[in-house]
Amino acid sequence: MHRIVLGGIGADAHSVGLFVLRHALAESGYQVIDLRTQNELRDFFEAARTADVVMISSMDGHSRFYTREFRELRKEYGTPDVHWYIGGNLSVSSSRDDVVRHFFELGFRRVFPGYADLREVLRFLEHDLAGRPPALPAAHDGTSPAGRARTLVMPDDERMEDEHFRVVRKEVLQHWRTGRAAAELDANAEYLVGRPSLAAAQLRARHTGRPLLQPRCGVADAVGQVRLFTALHRAGANVLSYQVDSLSRNNDYPGAEEGLRASSPERSVLNGFPAVNHGVRVLRQLGSRIPVPLQVRHSTRDPRLLGEISYAGGVTAFEGGAITYNLPYYKDYPLEESIPVWQYADRLTGLYAERYGIILDREFFGVLTATLLPPCLAIVTCLLEMLMAVGQGVRSVSLGYAEQGCRSQDVAAVQVMDEMAHELVGHTRHGVVVTAVFHQYMAAFPESRRKAAQLLRGSARTAGLSGCGRVLLKTTAEAWGIPSVEENAESIREAHRSIAAATPADLDRRAVDEEKRLLRAECEHLLNAVLECGGGSVTQGVVRAFRLGLLDIPFAPSVHNRGEVLGIRDTGGAVRLLAPGRLPLPADIRAFHRDRIGERLSKDRVQGSTSAEVAASDIRRVIEGNFDDWPLS
């Protein structure tokens, strides 16, 4: 049996394609040594000692940086017979032809820039291994590594004490040299008071019924970033954000510094804005030129210094949470470690409200892995992160939901999430501003720009009909790389037009109500189970629920997530539970999902297909533009 090493490299956290490929390789008779995501290049060479092929995925555009020691390591390890494959979005600044040429010259046998067709990969693999005897048996058992041994302390719900926060803060501000400029909270607050508030803007949007529009944008250079902000504001963006680069997300500030030095206003080597490296002074200079609220979007492992510098630099909203910026992104980051780290970020946010009356927004990335995600899991995850944040004094919360592609289900999900959030914080001592955020389709995008534009128009209508307070926008370039300024600007203009054009006739109210009843029941069962297994403690309930599989995120790379749940589409395009795993759902709800999926499998005559094949076909359907209209029906 030939052995394939498979995994993602560097800070890249995309795991859905790896999941599908892993299952396809196993079903084709290969032994898969699954390294999951965020490996160093040396990890692949260690695993390659007893492998026939090594497959590296790199979707964040930094593949050259991650593989810069390839020639040296190949000489060191002496593995000349191993075939090396690499695929993904391999560069943020070079053409596809240049990237392919670079990796061939480096010594890779196959290079797949962009989305690779699974069938094509398997054909190449069969050709490359024809007549070749398998490598010697591996000591590795072919599964992902278990979490590394460490002493873990169960977190609690208590608000961080001021003295403990002060001690931790002193250490946090020393993580990088720019931290000391954020040290004086009084001075930070004096500056923040005059900055546009996202919390206030979202309240106004709720009253007008028109959601705020927010593009994603981030380049390495400060001059390039302010140019981007200015152009997008002129195009009609109501909120702007610093999209942080992948290296900073893993707290690799030296690496981000290297990328920053190599970048210019015209050419960004990084796939985002290294806010920590730029520091407070630069953020204030940029923010002073932009008259709309600014947010920091990221997926940082340790977000504490980034939060400090962001707020000190005039940013009034900070995204992420202990679940949503952990399990979908990192392969070995226990919740017992991530929860206290995010409690610090929430406590910092709460302190600005308590001491200075400055309401800063905290958003939770309910998008998770984005692909074929049963909405109940997205909603409950956001609600739990909200409860943890409010417990630390946060006064404005935004709950994110990623469109799945069935309008009635997506509208129902946004409305149920908003309603349950208001119910849960309605009894807090201080009022908490709650906003539902709609993310345009976040999974793999159509490669056809015409189909991508069709998707975006339908998606914006769904957002407008959902009653959300803010929309995170995508562009027609999603399948090809980092979008240009004009592509982002056109996305903003099109979203304004499509939202304005949405009418009640675009929505099947009866179908929405049916989906809401189902989702409400599912969410209540999941939420109650989490609180019960935590003995009333939210934090302890979260840790134990994921350990027991009472919560489970499909396609997540984390070894602390069971990965037993899988969703696929029914005949109407809604995501249903093909494999419910250990989710604490009653028999009638499980039967509903089973019946809807049975109808789909019977209609498409795919009863003999494996779960991975069915999921892959649903993913390919969108990539290939195999739909007449959007949303799906």
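Quick notes on this one:
- Matching residues, segment 63-110, being of a type in the set (V, I, T) and part of a helix (DSSP H, G or I): V99, V100
- Among residues of segment 303-329, those that are among the aromatic types (F, W, Y) and in a strand (DSSP E or B), counted: 1
- Taking first residues from segment 58-75 that are free of Cβ contacts under 8 Å to residues at least 12 places away in the same chain and partners that are part of a helix (DSSP H, G or I) and open to solvent by 50 Å² or more (accessible area, probe 1.4 Å), no Cβ contact under 7 Å between residues at least 6 apart in sequence or on separate chains turns up.
- Looking only at residues of segment 35-45 that are over 14 Å from L6 (Cβ atoms) and either in contact (Cβ under 8 Å) with a residue 60 or more places away in the chain or assigned to a helix (DSSP H, G or I) (or both), we find that the one that is most open to solvent (accessible area, probe 1.4 Å) is R42.
- For segment 562-593, taking the residues that are in contact (Cβ under 8 Å) with a residue 24 or more places away in the chain and either among the basic types (K, R) or touching a Phe, Trp or Tyr at 6+ places or on another chain (Cβ under 6 Å) (or both), the one that is most open to solvent (accessible area, probe 1.4 Å) is identified as R582.
- Flag if D12 is in contact with an Asp or Glu (Cβ under 9 Å, 6 or more places away or on another chain) and either within 17 Å of G481 (Cβ to Cβ) or not small (G, A, S) (or both): yes
- Members of segment 150-179 found to be within 23 Å of I359 (Cα to Cα) and open to solvent by 40 Å² or more (accessible area, probe 1.4 Å), listed by number: D157, E158, R159, E161, D162, E163, H164, R166
- Which numbered condition H23 fails, given (1) at pLDDT 90 or above; (2) over 17 Å from I86 (Cβ atoms); (3) not in a loop (DSSP other than H, G, I, E, B): (1)
- Failed condition for L348, given (1) touching a Gly at 6+ places or on another chain (Cβ under 9 Å); (2) part of a loop (DSSP other than H, G, I, E, B); (3) within 30 Å of V538 (Cα to Cα); (4) open to solvent by less than 20 Å² (accessible area, probe 1.4 Å): (2)
- Verdict on R544 being open to solvent by 30 Å² or more (accessible area, probe 1.4 Å), touching a helix residue (DSSP H, G or I) at 6+ places or on another chain (Cβ under 6 Å) and either among the acidic types (D, E) or not in a loop (DSSP other than H, G, I, E, B) (or both): yes
- Residue count, segment 394-433 (criterion: assigned to a loop (DSSP other than H, G, I, E, B), farther than 30 Å from G573 by Cβ and open to solvent by less than 10 Å² (accessible area, probe 1.4 Å)): 1
- All of (1) open to solvent by 60 Å² or more (accessible area, probe 1.4 Å); (2) touching a residue at least 40 places away in the same chain (Cβ under 8 Å); (3) more than 30 Å from H593 (Cβ to Cβ); (4) touching a Ser or Thr at 6+ places or on another chain (Cβ under 9 Å) hold for D508 with one exception: (3).
- Whichever residue in segment 351-374 is among the charged types (D, E, K, R) and not in a helix (DSSP H, G or I) and, among such residues, is nearest to the chain's Cα centre (by Cα): E363
- S558 buried (at least 20 other Cβ atoms within 10 Å of the Cβ), farther than 20 Å from T462 by Cβ and among the small types (G, A, S): yes
- Conditions (1) open to solvent by less than 10 Å² (accessible area, probe 1.4 Å); (2) farther than 20 Å from R470 by Cα; number of the one not met by D302: (1)
- For segment 207-238, a residue qualifies if it is among the hydrophobic types (A, V, I, L, M, F, W, C), in a loop (DSSP other than H, G, I, E, B) and closer than 30 Å to L465 by Cβ, and the qualifying residues are C217, A237.
- For L585, the requirement of being assigned to a loop (DSSP other than H, G, I, E, B) and modelled with pLDDT of 85 or more is met.
- Among (1) among the basic types (K, R); (2) out of contact with any strand residue (DSSP E or B) (no Cβ under 9 Å at 6 or more places or on another chain); (3) part of a helix (DSSP H, G or I) - the single one R621 does not satisfy: (2)
- Screening segment 233-264 for residues that are among the acidic types (D, E) and surrounded by fewer than 24 Cβ atoms within 10 Å (Cβ to Cβ) and picking the one that is nearest to the chain's Cα centre (by Cα) gives D252.
- Some residue of segment 280-299 being open to solvent by 30 Å² or more (accessible area, probe 1.4 Å) and over 21 Å from E190 (Cβ atoms): no
- Candidates L583, L566, L548 - the one that is under 17 Å from L327 (Cβ atoms) and in contact with a strand residue (DSSP E or B) (Cβ under 7 Å, 6 or more places away or on another chain): L566
Every residue, every condition in (1) surrounded by fewer than 20 Cβ atoms within 10 Å (Cβ to Cβ); (2) more than 20 Å from the chain's Cα centre (by Cα), yes or no:
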position	(1), (2)
R449	yes, yes
S466	no, yes
L473	no, no
S484	yes, yes
A502	yes, yes
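- T539 satisfies every condition listed in (1) open to solvent by less than 20 Å² (accessible area, probe 1.4 Å); (2) touching a strand residue (DSSP E or B) at 6+ places or on another chain (Cβ under 9 Å); (3) β-branched (V, I, T) except (2).
- Residue check: R520 meets all listed conditions (1) open to solvent by 40 Å² or more (accessible area, probe 1.4 Å); (2) over 26 Å from H422 (Cβ atoms); (3) touching a residue at least 24 places away in the same chain (Cβ under 8 Å) but one, namely (2).
- Scanning segment 594-633 for residues that are in contact (Cβ under 8 Å) with a residue 40 or more places away in the chain and aliphatic (A, V, I, L, M) returns A612, V614, A615, A616, I619, V622, I623, L632.
- Qualifying residue in segment 63-79 (condition: under 22 Å from the mean Cα position of the chain (by Cα), crowded, with 23+ Cβ neighbours inside 10 Å and either at pLDDT 90 or above or within 25 Å of A479 (Cα to Cα) (or both)): yes
The values are calculated or read from the model by the stated rules, or taken from the named source; none is laboratory data. Computed from a predicted model, the values in this text were never measured in an experiment. Here Cβ is always computed from backbone atoms with ideal geometry, including for glycine, and neighbour counts include all displayed protein chains. Surface accessibility is based on the protein's heavy atoms, side chains included, excluding ligands, DNA and RNA. Shrake-Rupley method; radii C 1.70, N 1.55, O 1.52, S 1.80 Å.
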